[in-house]
Amino acid sequence: MKLLIQTLLSGCLLAMSCAAAADFDMADRVVIKKGDRKLLLMKDDSVLRTIDVALGLLPKGDKKAEGDFRTPEGSYILDKRNPASDFFLSIQISYPSAEDVREARALGVDPGGQIMIHGQPNTPKHNQAYYQTDWTDGCIAVSNSDMIDIWLMTSPDTPIVISP
């Protein structure tokens, strides 16, 4: 029942937002600047939106192994969307790449996966202050309202570059 309510709520919010979607330009790429904690929605050479992000609990450095709490760095695509995730909407990033897998194998580790851009948890496990800093397992977290904009302003296979 709880999942049904969350799915319906997400659907309603998206439907209401779609009415305003004509006001949004579509991004042709996403840029994450980890050091600045910023997500940029880009079109050509223009920044359409700048969004604050939270990263993995250990944000410095590139993700090398599952469970290292780092956000990956590199070039990927936004490849799957989930309106009924444990977080307010989620868009999967195509991590790990073939190169990430090769690097992980050379280190004898699993590269991990399931790296997403997502909103806040549907069922928070901590107080609100916890979610104001880097708190994810390696994902890129944004506010729920920003997640709606990202959802509406990107399409499947949008390139994403995650830089230090």
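The values are calculated or read from the model by the stated rules, or taken from the named source; none is laboratory data. Everything quoted here is computed from the prediction, not taken from an experiment. All Cβ positions, glycine included, derive from the backbone under ideal geometry; neighbour counts span all protein chains shown. Ligands, DNA and RNA are stripped out before the accessible areas are found, and what is left, the full protein with its side chains, is counted by its heavy atoms. Shrake-Rupley method; radii C 1.70, N 1.55, O 1.52, S 1.80 Å.
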Considering residues that are farther than 18 Å from Leu57 by Cβ and not in a helix (DSSP H, G or I), the number found within region 91-108 is 6
Qualifying residues in region 117-126 (those that are open to solvent by 30 Å² or more (accessible area, probe 1.4 Å) and in contact with a strand residue (DSSP E or B) (Cβ under 8 Å, 6 or more places away or on another chain)) - the one farthest from Ala98 (Cα to Cα): Asn122
Please work out which residue is nearest to Ile148 (Cα to Cα), limiting yourself to region 53-69 and to residues that are in a loop (DSSP other than H, G, I, E, B) and open to solvent by less than 30 Å² (accessible area, probe 1.4 Å). Val53
Members of region 26-47 found to be part of a loop (DSSP other than H, G, I, E, B) and open to solvent by 80 Å² or more (accessible area, probe 1.4 Å), listed by number: Met26, Asp44, Asp45
Within region 153-164, work out how many residues are of a type outside the set (S, T, N, Q), surrounded by 18 or more Cβ atoms within 10 Å (Cβ to Cβ) and either without any contact (Cβ under 8 Å) to a residue 60 or more places away in the chain or out of contact with any Pro (no Cβ under 8 Å at 6 or more places or on another chain) (or both). 2
Which members of region 127-150 meet the condition of being among the small types (Gly, Ala, Ser), open to solvent by 20 Å² or more (accessible area, probe 1.4 Å) and in contact (Cβ under 8 Å) with a residue 40 or more places away in the chain? Ser143
Restricted to region 70-86 and to residues being in a loop (DSSP other than H, G, I, E, B) and farther than 21 Å from Val161 by Cβ, the residue least open to solvent (accessible area, probe 1.4 Å) is Ser85
